[in-house]
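Q: Take this structure, written in structure tokens, and hold onto it; I'll ask about it next.
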Amino acid sequence: MKTLERSLFFAGWLFAATGAGLALASTAATVTQVDKAFTEKEISVGQGATVHFVNNDSVKHNILIKKLDFNSGLQGPGDSVAVTFDKPGKFKVRCGIHPKMKMKVVVN
Ligand SMILES: [Cu+2]
């Protein structure tokens, strides 16, 4: 009986660990800014995910997400801006300096 209980416990633990691993896969993402453009037009992440916007350009950028009331201020070359998406939905991300820089984050 004790052995069976232990086996069930282990199976449950394994399932939980695997589930956590899958959840972790969608809790972080990186988008780069190069040549005055975002490297991704659209990304999908899980609710609660943190997206890192990395300025890999030679000019300053900015991260503006109206729906989240988020404004990073000036983002110099090499600077990374982290944004956590707590709510599901579609979020337009723009650069306040370069109007043509746009992308979308879909939070599931
Ligand atoms: Cu920009």
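The values are calculated or read from the model by the stated rules, or taken from the named source; none is laboratory data. Please read all numbers here as calculations on a predicted model, not as lab measurements. Neighbour counts run over all protein chains shown; Cβ positions are idealised from the backbone, glycine included.
Q: Could you please let me know if Gly19 is modelled with pLDDT of 95 or more, on the phi < 0 side of the Ramachandran plot and surrounded by fewer than 11 Cβ atoms within 10 Å (Cβ to Cβ)?
A: For Gly19, the condition - modelled with pLDDT of 95 or more, on the phi < 0 side of the Ramachandran plot and surrounded by fewer than 11 Cβ atoms within 10 Å (Cβ to Cβ) - is not met.
Q: Would you check which residues across segment 89-108 are over 16 Å from Ala37 (Cα atoms) and at pLDDT 95 or above and list them?
A: Gly89, Lys90, Phe91, Val106, Val107 - these are the residues of segment 89-108 that are over 16 Å from Ala37 (Cα atoms) and at pLDDT 95 or above.
Q: Then there's this: Only residues that are closer than 15 Å to Lys102 by Cβ and more than 13 Å from the ligand (Cβ to nearest atom): list them for segment 40-57, please.
A: Once the filter is applied, which keeps residues that are closer than 15 Å to Lys102 by Cβ and more than 13 Å from the ligand (Cβ to nearest atom), segment 40-57 yields Glu40, Lys41, Glu42, Ile43, Val51.
Q: Shifting gears a bit: Give me the pairs: first residue in segment 25-41 and free of Cβ contacts under 8 Å to residues at least 40 places away in the same chain and farther than 18 Å from Thr84 by Cβ, second residue of a type in the set (Lys, Arg) and surrounded by 14 or more Cβ atoms within 10 Å (Cβ to Cβ), beta-carbon distance under 9 Å, and six or more apart or on different chains, which are they?
A: none
Q: Just one of (1) surrounded by fewer than 11 Cβ atoms within 10 Å (Cβ to Cβ); (2) modelled with pLDDT of 95 or more; (3) acidic (Asp, Glu) trips up Glu5, so point out which.
A: That leaves (2) as the condition not met.
Q: Only one of these conditions is not met by Gly96: (1) closer than 24 Å to Ser26 by Cβ; (2) in contact with a strand residue (DSSP E or B) (Cβ under 8 Å, 6 or more places away or on another chain). Which number is it?
A: Unmet condition: (1).
Q: In this structure, does Asn71 turn out to be surrounded by fewer than 14 Cβ atoms within 10 Å (Cβ to Cβ) and modelled with pLDDT of 95 or more? Spell out the reasoning first.
A: Values: surrounded by fewer than 14 Cβ atoms within 10 Å (Cβ to Cβ): yes; modelled with pLDDT of 95 or more: yes.
In short, yes.
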